[in-house]
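Read through the structure below, which is laid out as structure tokens, and then see the notes.
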Amino acid sequence: MIFIETGLLFPFLPGDSLIFTAGLLSTQLGLPLWAVIVTVAIAAVVGDSMGYWIGHRFGRKLFKADARILKLRYLERADEFFVKYGPHALVLARFVPIVRTFIPPVVGASRMHYGRFILWNAIGGVLWAVLLGIAGYFLGQIPIIADNVELIAIGIVVVSVVPIAIAIIRERRRDRRAKDPV
């Protein structure tokens with residue numbers, strides 16, 4: 001699932017909650033935590049690399065000035081963003097659902113050098129796997145959390161999607177104001 005979410009551009013998979021839950025249940029499933037973390041990190045890095053190459057190969061062709069989602073101005077903004085904030089944004093994007101799905105192809109389309117991408121992609125993937133896996137593992141030792149895994153997983157998804165929803169609403173309002181100045 002981690003590979004599919006990050007590599008095959010399927011943004012609505014529960015990556016964060018899946019890693020957290022895998023860490024939480026690792027003992028009960030007889031899986032060493034290190035194996036969970038290594039597997040997740042590899043899937044995340046390879047998935048993002050696949051996304052990068054999809055963007056590198058096809059990305060610029062997919063963006064159109066009048067497109068509904070893949071607008072050319074979004075790609076131009078992404079280029080500016082990566083010039084300004086650099087690859088550190090790759091690490092931070094890893095922790096934001098939906099964003100982590102689309103950043104690699106956008107970075108590929110923006111022509112960031114692959115060597116630079118893979119370094120920061122690996123750092124982000126490993127941090128993501130380690131932090132969420134360990135958080136799940138240690139919080140899973142607390143009975144109230146271990147007994148409410150489903151609610152915790154739903155809560156993680158909701159909390160991680162709220163900032164994206166707010167950003168989308170703000171962007172739409174900004175676009176409407178730009179089209180219809182009062």
What number of residues in region 35-63 are open to solvent by 20 Å² or more (accessible area, probe 1.4 Å), β-branched (Val, Ile, Thr) and over 17 Å from the mean Cα position of the chain (by Cα)? 1
How many residues are over 13 Å from Trp128 (Cβ atoms) and open to solvent by 40 Å² or more (accessible area, probe 1.4 Å) when one looks only at region 99-117? 5
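Out of Pro14, Pro32, report the one residue that is at pLDDT 85 or above, open to solvent by less than 80 Å² (accessible area, probe 1.4 Å), touching a helix residue (DSSP H, G or I) at 6+ places or on another chain (Cβ under 9 Å) and not acidic (Asp, Glu). Quick ask: steps written out before the conclusion?
Values: Pro14 fails: at pLDDT 85 or above.
Exactly one residue qualifies, and that residue is Pro32.
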State whether one or more residues within region 147-163 are surrounded by fewer than 21 Cβ atoms within 10 Å (Cβ to Cβ), in contact with a Ser or Thr (Cβ under 7 Å, 6 or more places away or on another chain), in a helix (DSSP H, G or I) and among the acidic types (Asp, Glu). no
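Filter region 17-27 down to residues that are farther than 14 Å from Ile145 by Cα and surrounded by fewer than 20 Cβ atoms within 10 Å (Cβ to Cβ) and give me whichever is farthest from the chain's Cα centre (by Cα). Can you show your working first?
The first filter runs over region 17-27 and keeps only residues farther than 14 Å from Ile145 by Cα, leaving 18-19, 26-27.
Cutting the leftovers down to surrounded by fewer than 20 Cβ atoms within 10 Å (Cβ to Cβ) gives us 18, 27.
Working: Leu18: 13, Thr27: 26 Å.
Among those residues, the one meeting the criterion is Thr27.
Enumerate the helices (runs of 4 or more DSSP H) found wholly within region 1-119, keeping only those where 1 or more residues are of a type in the set (Asp, Glu) and under 27 Å from Ile156 (Cα atoms). Talk me through it step by step, then tell me what you get.
Numbers: elements: 2-7, 15-29, 33-54, 72-85, 88-93, 99-109.
Counting at least 1 such residues, we get 2-7, 15-29, 33-54.
The values are calculated or read from the model by the stated rules, or taken from the named source; none is laboratory data. This is a predicted model, so every value here is computed, not measured. Every residue, glycine as well, gets a Cβ built from its backbone with ideal geometry; the counts of neighbours run over all protein chains shown. Accessible surface is based on the protein model in full, side chains and every heavy atom, while ligands, DNA and RNA are left aside. Shrake-Rupley method; radii C 1.70, N 1.55, O 1.52, S 1.80 Å.
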